Amino acid sequence: MYSDALMQKILATSSSLKPQELKELVAASKEKHVRLEDAVLEKMPEETLYRIVAEYFKVPFVDLKGVQVRKDFLDLVPEPIATTHDIVPFDKGESLLKVATLDPEDLQTIEFLKHKTGLEVEVHVTTPFALHEIIKQYKRSLKAEFEDIAKVTVVGEETDQQKLRELAQDLPVVRIVESLLEHAVFEGASDIHIEPSEQDLVVRYRVDGILRNVMTLPKNAQAGILARVKVLSNLKLDEHRLPQDGRMKISGANYKYSVRVSTLPVMDGEKVVMRLLSETAQALSLEQLGFNNKHLEAVRRNIAKPHGIIFVTGPTGSGKTTTLYSILSLRNTPGVNISTIEDPVEYRMNGVNQSQVNPKIGFTFAVGLRTLLRQDPNIIMVGEIRDGETAEIATNAAMTGHLVFATLHTNDSVTSLPRLVDMGVPRFLVAFTCNMIIAQRLVRKVCKDCKQPYKLSKAQLKEISELYDIEVVTAAMQRDGFLEKGETLDKVDFFRGAGCKQCSDSGYKGRVGIYEVLEITKPIQDLISKNGSNSEIIATADKEGMIGIVEDGFSKAIKGVTSVEEVMRVTQE
């Protein structure tokens with residue numbers, strides 16, 4: 001729970017431990033490779049330690065062993081919040097909610113509860129054992145509620161719409177779905193996965209690109225929760241055998257989200273995935289996205305051109321659309337007509353004419369793009385070039401005086417060129433319409449609250465050398481000033497997160513891009529026209545100073561923005 005440095009600070013302020021005893025405990029924790037907190041608990045009772053913690057944070061200690069919390073009090077703090085942030089309610093007054101936690105400095109969660117309940121929140125410290133016993137009461141309460149619902153509801157393929165609609169209105173069902181959505185926004189999740197298994201219903205969130213378990217619900221909650229999601233997103237309640245897609249809106253005082261809902265029949269029911277898209281999010285600047293100075297110069301130089309194509313490439317979920325919106329925002333002025341064709345429209349942007357494809361009625365990317373060309377645009381954004389027809393129209397638009405932004409699904413910048421040729425675009429047209437290709441990945445940022453320096457071990461160096469040409473990476477770091485001349489990767493500090501409450505013990509919080517920007521200069525144009533190989537194009541780009549995606553990743557790792565492990569995770573082919 002607490003970092004060793006904080007625990008040492010807490011214990012140093014207590015009269016319960018002599019300085020020599022503390023010194024011995026610190027030495028023992030290092031020798032046994034355990035947390036200092038665990039080493040202390042071998043020497044003193046849990047309650048004694050957490051009374052010291054409460055005294056350090058200047059908040060009351062509360063002994064909750066054997067305490068049964070009223071169900072209406074439990075309802076004030078959603079179970080996902082209680083489980084993820086180790087905070088539970090135990091008493092309530094007219095305008096006051098009393099909560100027990102292990103981390104009184106988790107101000108974000110405390111402010112969230114104040115806003116959600118409309119009550120002042122009085123924080124206490126308790127022991128981990130007592131806190132987790134109260135969290136178990138959530139499970140017992142939910143199980144009992146859903147057993148009562150199951151007694152009066154028969155759920156299966158034959159269940160009629162009316163019964164399912166009634167089930168979707170039951171209070172525990174409504175409360176859980178609301179809590180899941182509200183908590184997902186609070187945690188910054190991009191997706192919610194509700195997955196039925198043979199025994200229960202598992203809920204997972206994708207946060208910073210990584211799925212993690214949030215809660216496990218009883219199996220008899222499955223029908224009600226699925227029905228509630230379907231009602232909210234206008235899906236057919238009694239259709240269980242076919243996939244369905246829908247949408248809903250959720251909003252609060254500080255947020256407004258559009259939620260894309262997808263259901264899929266699986267062995268034990270229907271799986272639901274909800275994608276959360278903020279309608280109030282502002283386009284980030286290119287600096288905030290992680291572009292370095294050299295990349296920024298190249299991007300600004302190319303988006304100022306009156307015509308041509310700029311591609312953003314990378315796998316699904318690598319932030320391509322976010323990058324395009326950020327670039328569009330730089331050109332979004334009253335004197336410029338910008339039109340987009342997207343699937344779906346993920347962000348709303350004032351001053352931009354945004355349209356969404358609808359293949360069911362024949363409104364495809366190709367049809368939409370042709371129509372946009374009759375709308376007197378200066379700049380066109382194509383959400384994704386998937387087929388030869390769209391690619392051909394886009395390149396012809398670039399040839400006839402339009403600036404086109406588009407995404408492609410390729411792993412790096414150079415492979416975008418043969419991909420376009422494979423789609424049927426003539427090689428000369430690729431060479432003379434393409435201005436720039438940005439390849440990108442998203443890496444998690446090291447948590448600022450628990451960031452720790454470390455040196456690469458021999459085993460890690462060996463692993464890096466197996467994946468990349470370590471001499472090339474080292475030379476690039478020396479060239480760009482991240483390493484001194486002659487210095488090697490094992491001589492500098494890298495960083496990782498130890499894990500804390502602020503990052504849910506993951507060691508990471510937030511994401512940033514790593515990029516490769518390939519400018520189509522005259523030498524590269526000539527190579528494309530002459531059917532030059534990818535390796536020849538890369539060699540020429542390297543001579544012109546292109547920073548590869550791996551190099552950009554390692555430079556951010558040396559700066560402490562991300563970790564080497566993250567760079568390796570997202571750049572392995």
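The values are calculated or read from the model by the stated rules, or taken from the named source; none is laboratory data. The model shown is predicted, which means the values in this text are computed figures rather than measured ones. So basically every Cβ, Gly included, is an ideal-geometry build from the backbone, and we count neighbours across all protein chains shown. Quick note on the areas: whole protein, heavy atoms, side chains included, nothing else; ligands and nucleic acids left out. Shrake-Rupley method; radii C 1.70, N 1.55, O 1.52, S 1.80 Å.
Could you count how many residues in region 3-40 are assigned to a loop (DSSP other than H, G, I, E, B), in contact (Cβ under 8 Å) with a residue 40 or more places away in the chain and surrounded by 14 or more Cβ atoms within 10 Å (Cβ to Cβ)?
Within region 3-40, residues that are assigned to a loop (DSSP other than H, G, I, E, B), in contact (Cβ under 8 Å) with a residue 40 or more places away in the chain and surrounded by 14 or more Cβ atoms within 10 Å (Cβ to Cβ) number 2.
Which pairs have Cβ atoms under 9 Å, sit 6 or more apart or on different chains, and link a residue in region 73-84 that is over 9 Å from Val214 (Cβ atoms) to one that is in a loop (DSSP other than H, G, I, E, B) and open to solvent by 10 Å² or more (accessible area, probe 1.4 Å)?
Leu76/Leu119
Criterion first (out of contact with any helix residue (DSSP H, G or I) (no Cβ under 7 Å at 6 or more places or on another chain) and β-branched (Val, Ile, Thr)) does Val430 satisfy it?
Against the criterion (out of contact with any helix residue (DSSP H, G or I) (no Cβ under 7 Å at 6 or more places or on another chain) and β-branched (Val, Ile, Thr)), Val430 does not qualify.
Among the residues of region 387-404, are any within 29 Å of Lys249 (Cβ to Cβ), touching a strand residue (DSSP E or B) at 6+ places or on another chain (Cβ under 8 Å), touching a residue at least 12 places away in the same chain (Cβ under 8 Å) and not polar (S, T, N, Q)?
So far as region 387-404 goes, no, none of its residues is within 29 Å of Lys249 (Cβ to Cβ), touching a strand residue (DSSP E or B) at 6+ places or on another chain (Cβ under 8 Å), touching a residue at least 12 places away in the same chain (Cβ under 8 Å) and not polar (S, T, N, Q).
Mind telling me which of the residues Val570, Val512 ends up being within 26 Å of Leu456 (Cβ to Cβ) and at pLDDT 95 or above?
From the options Val570, Val512, the qualifying one is Val512.
List the number of the failed condition for Thr159; all other conditions in (1) surrounded by fewer than 19 Cβ atoms within 10 Å (Cβ to Cβ); (2) more than 23 Å from Ala253 (Cβ to Cβ); (3) modelled with pLDDT of 90 or more; (4) among the polar types (S, T, N, Q) hold.
Condition (3) is where Thr159 drops out.
Looking at (1) assigned to a loop (DSSP other than H, G, I, E, B); (2) in contact (Cβ under 8 Å) with a residue 12 or more places away in the chain, which is the one condition that is false for Glu516?
For Glu516, the failing item is (1).
For region 216-243, which residues satisfy the criterion of being over 12 Å from Lys271 (Cα atoms), crowded, with 20+ Cβ neighbours inside 10 Å and among the polar types (S, T, N, Q)?
Matches in region 216-243: Asn220, Ser233.
Yes/no matrix, rows are residues, columns are (1) at negative phi; (2) surrounded by 20 or more Cβ atoms within 10 Å (Cβ to Cβ); (3) of a type in the set (D, E, K, R):
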{"site": "Glu297", "(1), (2), (3)": "yes, no, yes"}
{"site": "Pro306", "(1), (2), (3)": "yes, no, no"}
{"site": "Ile309", "(1), (2), (3)": "yes, yes, no"}
{"site": "Val312", "(1), (2), (3)": "yes, yes, no"}
{"site": "Gly317", "(1), (2), (3)": "no, no, no"}
{"site": "Thr323", "(1), (2), (3)": "yes, yes, no"}
{"site": "Val336", "(1), (2), (3)": "yes, no, no"}
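Which ones in region 263-295 are free of Cβ contacts under 8 Å to residues at least 40 places away in the same chain and surrounded by 16 or more Cβ atoms within 10 Å (Cβ to Cβ)?
Within region 263-295, Thr263 is the sole residue that qualifies.
Can you pull out every residue in region 460-498 that is in contact with a strand residue (DSSP E or B) (Cβ under 6 Å, 6 or more places away or on another chain) and exposed (fewer than 14 other Cβ atoms within 10 Å of the Cβ)?
Answer for region 460-498, where residues must be in contact with a strand residue (DSSP E or B) (Cβ under 6 Å, 6 or more places away or on another chain) and exposed (fewer than 14 other Cβ atoms within 10 Å of the Cβ): just Asp493.
Which of (1) open to solvent by 20 Å² or more (accessible area, probe 1.4 Å); (2) free of Cβ contacts under 8 Å to residues at least 40 places away in the same chain; (3) in contact with a helix residue (DSSP H, G or I) (Cβ under 8 Å, 6 or more places away or on another chain); (4) not aromatic (Phe, Trp, Tyr) does Asn213 not meet, given it meets every other one?
(3)
Of all residues in region 170-210, which are of a type in the set (Val, Ile, Thr), surrounded by fewer than 17 Cβ atoms within 10 Å (Cβ to Cβ) and closer than 20 Å to Leu74 by Cα?
Of everything in region 170-210, just one residue is of a type in the set (Val, Ile, Thr), surrounded by fewer than 17 Cβ atoms within 10 Å (Cβ to Cβ) and closer than 20 Å to Leu74 by Cα, namely Val174.
Hey, does region 79-86 have a residue that's over 28 Å from Arg204 (Cβ atoms) and open to solvent by less than 10 Å² (accessible area, probe 1.4 Å)?
No, region 79-86 contains no residue that is over 28 Å from Arg204 (Cβ atoms) and open to solvent by less than 10 Å² (accessible area, probe 1.4 Å).
Find all pairs meeting these conditions: Cβ atoms under 6 angstrom apart; at least six residues apart or on different chains; first residue within region 461-481 and in a helix (DSSP H, G or I); second residue of a type in the set (D, E, K, R) and surrounded by 13 or more Cβ atoms within 10 Å (Cβ to Cβ).
Within 6 Å, the pairs are Leu461/Asp490; Ala476/Glu551.
Return only the number of the condition from (1) over 19 Å from Ser179 (Cβ atoms); (2) at pLDDT below 90; (3) surrounded by 16 or more Cβ atoms within 10 Å (Cβ to Cβ) that Pro104 does not satisfy.
Here Pro104 meets the rest and fails (2).
Can you confirm whether region 345-361 contains a residue that is of a type in the set (Gly, Ala, Ser) and either part of a helix (DSSP H, G or I) or open to solvent by less than 10 Å² (accessible area, probe 1.4 Å) (or both)?
no
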